[in-house]
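Remarks on the structure that follows.
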Amino acid sequence: MRRRSWVLLASVVLLAGACTGSVRVRSTGTSGALSSRPASGAPSGTDGIHKIKHVVVIMQENRSFDTYFGTYPGAAGIPMANGAPSVCLPAAPGRPCVRPFVDHADVNGGGPHGQANATADIDGGKMDGYLGQLASAKHACKNPNDPGCTNSTTPDVLGYHTQSDIPNYWSYASNYVLQDHMFEPNASWSLPAHLFMVSEWSALCTQHNNPGSCTNQLEDPGRPPKKAKQAGQDPIYAWTDLTYLLHKQAVSWGYYVVAGTEPDCADDTALSCAATKQDAKTPGIWNPLPYFDTVHADGQDGNITSVSHFYDAAKRGTLPSVSWVVPSGAVSEHPPGAVSDGQAYVTSLVNAVMAGPDWSSTAIFLGWDDWGGFYDHVAPPSVDQNGYGLRVPGIVISPYAKKGLVDHQVLSFDAYDKFIEDDFLGGQRLDPHTDGRPDPRPDVRENASVLGDLSTDFDFTQTPRPPMPLPVRPKTTLTTSATPGKH
């Protein structure tokens, strides 16, 4: 598995000529909408937030905050006493409780992570349901990608990584901004999380081009077919997404996809499933935009393209105003994807931006789409019937980012959209009353009173900081197997 994973990663990292200094990427052409220059409809100011001309959202997979940053200094990490976790979580009846432990394993198992699992893990705010959910998961599954299963040889939902395991992620946190109250916008799995990332909602619709036919659906929105172009089974995403507002105001955008496979099943609660092919032209749970009616109606299908075009745009200084970048299973950190492969891939993306002409006007938002069944001790706020979900890591990387800040604001992926709307759309929201395509979404998530403001993570008065490229393959303490409790 590790050799295969490395080959898949190498095909991605080799695209990042900025990282190696020896590989050039040829552009195969993209939609004209991917121009990097400020669009005529976008605010033209150069003060404050408008110094950011390019927003890049890098979305990784399935990690809780505590499993990556539970021991980060100054962050709301795992409760400790005398250098050891002071919390002890209930296991099976009649058995002793279990404490979180250091886990240096490069490949983790995690636990089930659907809507019911989120509710059980949170357990009314006690945050103690992880072992119970792990016990009820399917074990020894033939398909290691089944989200209802766990295939870890050592149960690791209470395991956490240290700085020496993920040195690049900790370097980004210490040199830029770490967000320790970033919550998944929905208390559920990958597909709803990615729908919220681009549209602030997850819904089930019955009619194309009729947003009024959509109803709220947290766990089971229209799902991609298990096979590409499976006739008659494509989901209907008729509600309004952020690309509609971007296109309406002539703001350029791109959605970049790493070719490979998805690690989650099309059915998140299925007992077995086959690996699902993913590329820019294959809609899926991490690539839902091709199913949106607005994308087709606006002729924006060409903006959904290969990650090779992201590396190329970063090198040439032609990044669009808004970029979303999603991984393949091999580099996603979604179990059984290796932590080291995901960190290497993310580093290659960040290095590519830093080496290009657009670095001085870019904000990179790095997040993980859901908690993956891993332990986190902070109870999420409730904003509506959809969430928030459990806490995930969040990092801001930018020449204007404050150095070493731990941002304690309550945030979710809604804050990414809010920042984009404030920067490029004059504060326009995905609001059924004002966006021109009314749909029955329960609320305007960007306006939630509890939601923080990402602009406070920046100091727009400072001289833009120089880039800080990092080695794609840093030395780590990651191992091929877990050894609970060993530092």
I need a count of the residues in segment 360-418 that are basic (Lys, Arg), touching an Asp or Glu at 6+ places or on another chain (Cβ under 7 Å) and assigned to a loop (DSSP other than H, G, I, E, B). 1
Just wondering, is there one or more residues in segment 345-360 that are farther than 23 Å from PHE196 by Cα, out of contact with any Leu (no Cβ under 9 Å at 6 or more places or on another chain), of a type in the set (S, T, N, Q) and modelled with pLDDT of 95 or more? yes
Tell me which of these SER340 doesn't satisfy, since it passes every other one: (1) assigned to a helix (DSSP H, G or I); (2) crowded, with 24+ Cβ neighbours inside 10 Å. (2)
I need the full set of residues from segment 237-265 which are modelled with pLDDT under 95, part of a loop (DSSP other than H, G, I, E, B) and either charged (D, E, K, R) or open to solvent by 10 Å² or more (accessible area, probe 1.4 Å) (or both), in order please. ALA259, ASP264
Any residue in segment 400-409 that is open to solvent by 30 Å² or more (accessible area, probe 1.4 Å), charged (D, E, K, R) and within 21 Å of SER321 (Cβ to Cβ)? no
How do the pairs read when you match residues in segment 63-85 that are free of Cβ contacts under 8 Å to residues at least 12 places away in the same chain with residues anywhere that are surrounded by fewer than 18 Cβ atoms within 10 Å (Cβ to Cβ) and of a type outside the set (Lys, Arg), using Cβ under 7 Å and keeping only pairs 6 or more apart or on different chains? MET80/SER86
Taking segment 74-100 and keeping only residues that are open to solvent by less than 30 Å² (accessible area, probe 1.4 Å) and closer than 25 Å to PRO336 by Cα, one is left with GLY77, ILE78, LEU89, PRO100
Segment 360-373, residues that are touching a helix residue (DSSP H, G or I) at 6+ places or on another chain (Cβ under 8 Å) and open to solvent by 10 Å² or more (accessible area, probe 1.4 Å): SER361
Quickly run through segment 307-325 and pick out the residues that are modelled with pLDDT of 95 or more and either at positive phi or within 16 Å of the chain's Cα centre (by Cα) (or both). GLY317, VAL322, SER323, TRP324, VAL325
Spans of helices (runs of 4 or more DSSP H) in segment 88-176 with at least 3 residues at pLDDT below 95: 115-122, 130-136
Against the condition in a helix (DSSP H, G or I) and either of a type in the set (Gly, Ala, Ser) or in contact (Cβ under 8 Å) with a residue 60 or more places away in the chain (or both), how does ALA352 come out, does it pass? yes
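The values are calculated or read from the model by the stated rules, or taken from the named source; none is laboratory data. Since we're looking at a predicted model, the values are computed, not measured. Cβ coordinates were reconstructed from backbone atoms using ideal geometry, including for glycine residues, and neighbour counts include every protein chain displayed. The area values use the complete protein model at the heavy-atom level, side chains included, leaving out ligands, DNA and RNA. Shrake-Rupley method; radii C 1.70, N 1.55, O 1.52, S 1.80 Å.
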